[in-house]
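Student: For reference, the structure I am asking about is given below.
Every number in this text was worked out from the coordinates using simple rules, so none of it is lab data. Please read all numbers here as calculations on a predicted model, not as lab measurements. Cβ atoms come from the backbone with ideal geometry, glycine included; neighbour counts cover every protein chain shown.
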Amino acid sequence: MIPPGSTLGVMGGGQLGRMFGMAARKMGYRVHVFDPAPDSPAGQVADKQVEADYTDEAALTRFAGEVAAVTFEFENIPAASLEALERVCPVRPGPEILLICQNREREKTFLSKNGYPLAPFAVVDSPAGIGEGLRHTGTPAVLKTAAFGYDGKGQVKVCEDSSAREVWESLGAPRGVLEAWIEHECELSVICAGSPETGYSCFPAAENSHTDHILDVSIVPARIDPARIQEAESIAASLADSLNLTGLLAVEFFLTRDGKLLVNELAPRPHNSGHYSFDACVTSQFEQQVRTLCALPPGSPRLLSPAVMVNLLGDLWDSGDPDWSPVLSEPSAKLHLYGKAAARPGRKMGHFCVLDPSVEQAVETALRIRNQLRNG
């Protein structure tokens, strides 16, 4: 067990690392951040930021020597870098889990081999491979880069009359995963936390809606059949166990129109759709990350109030700093800004949550505030 007063390390300086740092500091830990970019959101709340490339082995070794344990806040860190850290201090989750989850081909293969429900898929490495893959997935389908895709980046829809060569060239990657297009009722996510020693507990499932492939709104509790929620939580806990996970695992699902759950993606870290937990749960996803990193017993993920989370993207800054009065004048709303210096369209700059005893009222209030902010 790593007690409060110790120093914890986090790879990555984004908003997830920032909120991890805030949770850690509240519990009495010191925090060191490793990120190449100066003045990172996580670095702003940390005791120290190491500004070095993620492949700088000397810097990694020094960083690991100054902390009791290390975690990470996004998947695009080389697994070899975590292996270098692990030679000096504990890394949770481990590099082998990152290696699976940072690559769609490895992730889909893992899910398939372990019998988890997912859409038909095929791995392709050429225009000819698209034609072969479509015989398995059918059309329409979606071609995704095998690595380094998020928020809809590196994805191309494939229709019956699509040119395989044009689709392949627009992907711009040497290898891709072709997936059947799923007509779904809604998208869900479940965040699971724990270890093989403690077992796994799940946060309430979030009902998610996206705009331009970027998460827009998360609603908790999800407004779907409770049996499907229980099934999603069971699958998430089983996946964490299959991975031998110590840490957090976010599992994204499609709920199909005929009531079936399909696993879409995995993320071995806190997740955008779990931000509601900061305000609405006994223990936030970020405190759970601290607890699992430090071999502490997990806290309760119990929901204290229905909540709706709305992402704030850089588009709001098109005409200068937004007027935050629609959020700040609402007693049931909580504003979270990430400290990012530059706003860009589609960039996640913050979020707000609305809490209310009625999920319907929380949705109504959150959407009203969102529309007021967008209409300026």
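Student: Give me the Å³ per residue figure for the convex hull around the C-alpha atoms of segment 269-313.
Tutor: 64 Å³
Student: Follow-up question, since we're still on this one. Ranked by Cβ crowding within 10 angstrom, fewest neighbours first, how are T139, T145 ordered?
Tutor: The most exposed by this proxy come first: T139, T145.
Student: Given R₀ = 35 Å, FRET efficiency for L328-A80 by Cβ-Cβ distance, to 0.05?
Tutor: With a Förster radius of 35 Å, E is 0.20.
Student: Here is a further query. Would any residue of segment 12-31 have its amide N under 19 Å from a label point 7 Å out along Cα→Cβ of V88? List them or say none.
Tutor: Once the point is set 7 Å along Cα→Cβ of V88, 12-13, 30-31 turn out to lie under 19 Å by backbone N, inside segment 12-31.
Student: With unit charges on the beta carbon (Lys/Arg positive, Asp/Glu negative), name the residue among P345, F203, F63 whose Cα is farthest towards the positive pole of the charge dipole of the chain.
Tutor: About the Cα centre, the residue reaching furthest to the positive side is F63.
Student: I need Y116, Y29, Y276 ordered by Cβ neighbour count within 10 Å, fewest first.
Tutor: Ascending Cβ contact count within 10 Å gives the list Y116, Y29, Y276.
Student: Once you treat every alpha carbon in the chain as an equal point and sum by Debye, what is log10 I(q)/I(0) at q = 0.06, 0.07, 0.10, 0.11 Å⁻¹?
Tutor: The Debye formula, applied to the Cα set alone, gives -0.22, -0.31, -0.65, -0.79.
Student: Next up: Can you pick out the pairs among K108/K334; K144/K348; K113/K348; K157/K348; K144/K334 whose Cα atoms lie more than 27 Å from each other?
Tutor: Violating the 27 Å Cα-Cα cut-off are K108/K334; K113/K348; K144/K334.
Student: Given labels modelled 7 Å from the Cα in the Cβ direction, how far is it in nm from S358 to N375?
Tutor: Reported label-point gap for S358 and N375 is 2.1 nm.
Student: Still on this model: With bins 10 Å wide starting at 0, give me the P(r) of segment 220-376 over every alpha carbon pair, in whole percents.
Tutor: Using 10 Å bins, I get a P(r) of 10, 33, 35, 20, 3 for segment 220-376.
Student: What order do you get for T109, T292 when you list them from fewest to most C-beta neighbours inside 10 Å?
Tutor: The order, fewest Cβ neighbours first, is T109, T292.
Student: Using helices alone, what [θ] at 222 nm do you get for the chain, with -39,500 (n - 2.57) per DSSP H run of 4 or more residues, divided over all residues and rounded to the nearest 500?
Tutor: Value at 222 nm, helices only, nearest 500: -9000 deg cm²/dmol.
Student: Let's see if you can work this out: charge +1 on each Lys and Arg Cβ, -1 on each Asp and Glu Cβ, no other charges. What is the dipole magnitude of segment 48-187 about its Cα centre, in debye to the nearest 20?
Tutor: 280 debye
Student: Separate question: Hey, got a sec? Which trypsin sites (Lys or Arg not before Pro) in segment 290-376 land in a DSSP loop and have at most 12 other Cβ atoms within 10 Å?
Tutor: Sparse-neighbourhood loop trypsin sites (Lys or Arg not before Pro): R302.
Student: May I ask you to derive the FRET efficiency for E66 and R135 from their Cβ-Cβ distance with R0 = 56 Å, giving the value to the nearest 0.05?
Tutor: Efficiency at R0 = 56 Å is approximately 0.55.
Student: Ok, one more. In a Gaussian network model over the chain where Cα atoms closer than 10 Å are linked, find which of E73, E179, E166 has the largest mean-square fluctuation.
Tutor: In the Gaussian network model the winner is E166.
Student: Rounded to the nearest 0.05, what FRET efficiency do D225 and S112 give with R0 = 35 Å and r taken as the Cβ-Cβ distance? Could you check?
Tutor: Approximately 0.85, to the nearest 0.05.
Student: Would you mind giving the three semi-axes, in whole Å and largest first, of the ellipsoid equivalent to segment 104-215 according to its Cα gyration tensor?
Tutor: Semi-axes from the Cα gyration tensor: 29, 16, 13 Å.
Student: Now for a different question. Once the mean 1/r over all distinct Cα pairs of segment 7-91 is inverted, what Kirkwood radius in angstroms do you read off?
Tutor: The Cα-based Kirkwood calculation yields 12.2 Å.
Student: Another question about this same structure. Under the definition of Cα pairs under 8 Å and six or more residues apart, what whole-number percent is the relative contact order of the chain?
Tutor: Result for the chain is 13 percent.
Student: A further question follows. If each of R165 and R344 carries a label point 7 Å out from its Cα toward its Cβ, how far apart are those two points in nm?
Tutor: Reported label-point gap for R165 and R344 is 3.2 nm.
Student: What's the extension gain from K260 to S319 if we count 0.36 nm per residue and subtract their Cα-Cα distance?
Tutor: 16.9 nm
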